[in-house]
């Protein structure tokens with residue numbers, strides 16, 4: 001149920017703007033039933049769109065992920081290993097992260113934090129799209145000055161969810177470096193095992 005709520009939130013944020021710009025779309029009872037189905041589907045689609053953009057721009061192997069730089073620049077030299085890029089460092093992270101010796105509590109925390117980060121940012125994307133839609137309704141469709149308030153509210157939501165995601169992200173990347181430092185021997189063991197991998 002929690003997953004359904006998280007995946008529906010981007011759809012609900014966007015649906016609010018659609019309902020205000022085109023109020024006739026939610027008048028009839030039959031249309032309301034369609035909205036109940038449409039909002040989660042739209043939310044899930046927006047979430048997946050954000051995930052696609054996230055993957056295209058580096059995904060979990062992105063340059064701002066400090067633990068990968070730590071593995072590449074600090075741990076690899078200790079094993080006389082040169083990691084050609086951050087994708088190799090990400091491979092070391094993933095193999096170690098999913099090993100039996102890695103603490104399950106931190107693994108669950110890390111995966112949960114990433115879920116929240118991506119969810120917050122997908123809601124932010126939906127709110128930004130909704131803001132543009134509300135301004136479109138005001139400027140081009142002359143739907144009324146109340147749409148300016150809707151646009152400002154959506155802009156505020158976009159900023160709040162973006163910075164909430166960023167705050168969680170900034171905290172998590174420090175925690176990932178700390179766990180890699182704390183479990184250095186485990187990461188070095190992985191480096192040794194894949195050192196000669198093509």
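Observations, loosely collected:
- Residue 177 part of a helix (DSSP H, G or I), surrounded by 15 or more Cβ atoms within 10 Å (Cβ to Cβ), out of contact with any strand residue (DSSP E or B) (no Cβ under 7 Å at 6 or more places or on another chain) and modelled with pLDDT under 90: no
- Any hit, the range 147-157, residues being in a helix (DSSP H, G or I), touching a residue at least 12 places away in the same chain (Cβ under 8 Å) and within 18 Å of the chain's Cα centre (by Cα): yes
- Residue 163 meets the stated requirement of being modelled with pLDDT of 95 or more, out of contact with any helix residue (DSSP H, G or I) (no Cβ under 7 Å at 6 or more places or on another chain) and within 19 Å of residue 10 (Cα to Cα).
- The listed residue being modelled with pLDDT of 90 or more, in a helix (DSSP H, G or I) and surrounded by 14 or more Cβ atoms within 10 Å (Cβ to Cβ), out of 107, 111: 107
- Where residue 192 falls short, out of the listed (1) closer than 19 Å to residue 70 by Cβ; (2) surrounded by 13 or more Cβ atoms within 10 Å (Cβ to Cβ); (3) touching a residue at least 12 places away in the same chain (Cβ under 8 Å): (2)
- Qualifying residue in the range 137-146 (condition: part of a helix (DSSP H, G or I) and free of Cβ contacts under 8 Å to residues at least 24 places away in the same chain): yes
- Considering only residues in the range 93-104 that are within 22 Å of the chain's Cα centre (by Cα) and surrounded by 18 or more Cβ atoms within 10 Å (Cβ to Cβ), the one that is nearest to residue 66 (Cα to Cα) turns out to be 93.
- The range 1-23, subset at pLDDT 70 or above and loosely packed, with under 12 Cβ neighbours inside 10 Å, residue farthest from the chain's Cα centre (by Cα): 23
- Test: residue in the range 30-42 that is surrounded by fewer than 20 Cβ atoms within 10 Å (Cβ to Cβ) and assigned to a loop (DSSP other than H, G, I, E, B): no
- Single match in 69, 130, 76, 89 (criterion: within 22 Å of residue 12 (Cα to Cα) and in a helix (DSSP H, G or I)): 130
- Only a single criterion out of (1) in contact with a helix residue (DSSP H, G or I) (Cβ under 7 Å, 6 or more places away or on another chain); (2) at pLDDT 95 or above is not satisfied by residue 89, namely (2).
- Residue count, the range 72-84 (criterion: farther than 13 Å from residue 195 by Cβ and either touching a strand residue (DSSP E or B) at 6+ places or on another chain (Cβ under 7 Å) or in contact (Cβ under 8 Å) with a residue 12 or more places away in the chain (or both)): 1
The values are calculated or read from the model by the stated rules, or taken from the named source; none is laboratory data. Bear in mind the structure is a predicted one, so any value in this text is a computation, not a measurement. All Cβ positions, glycine included, derive from the backbone under ideal geometry; neighbour counts span all protein chains shown.
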